Amino acid sequence: MKFTAVFAALAAFAVTQVSANASLVREFDTLGATDQGALHNCLNNYRTNNWDGMDCGGRGWFKGTHKYKSPENCYDACAGLLVAAIDRGASDVECDDNEGSARCWMGFH
């Protein structure tokens, strides 16, 4: 019960953290079933100060940049969109955020 309430609060917070310039550029559900709870936990732990990828929840996660300000800002711009895609059962997702000439991308496959 408490876990569900905490998770709902985190998801609601993440949805509010979407940049006006962020968008999903890829969303597929063709890679097989996903463990949505595991993917939400992975996403919650991926707001790190690096651009490294990781394996988590049965998927490979990535975060990259071209002149973008910080990995945390990329996360903040895309987290809400990724939460919504996970909730829809996506198994392969990429979010891009463009800020002028700077761009970041993150997601999982």
For residues that are out of contact with any strand residue (DSSP E or B) (no Cβ under 6 Å at 6 or more places or on another chain) and open to solvent by less than 30 Å² (accessible area, probe 1.4 Å), scanning just region 58-70, find the one that is nearest to A102 (Cα to Cα). S70
Being touching a helix residue (DSSP H, G or I) at 6+ places or on another chain (Cβ under 7 Å), at pLDDT below 90 and of a type outside the set (A, V, I, L, M), is that true of even one residue in region 11-18? yes
So, in region 71-104, exactly how many residues are crowded, with 17+ Cβ neighbours inside 10 Å, among the aliphatic types (A, V, I, L, M) and not in a helix (DSSP H, G or I)? 2
Filter region 46-56 down to the residues that are over 18 Å from C104 (Cβ atoms) and either assigned to a helix (DSSP H, G or I) or open to solvent by 50 Å² or more (accessible area, probe 1.4 Å) (or both) and list them by number. D55
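The values are calculated or read from the model by the stated rules, or taken from the named source; none is laboratory data. Remember, it's a predicted structure, so these values are computed and weren't measured experimentally. Glycine gets a Cβ as well: all are built from the backbone with ideal geometry, and neighbour counts include every protein chain shown. We work out accessible area using only protein heavy atoms, side chains counted, and drop any ligands, DNA or RNA first. Shrake-Rupley method; radii C 1.70, N 1.55, O 1.52, S 1.80 Å.
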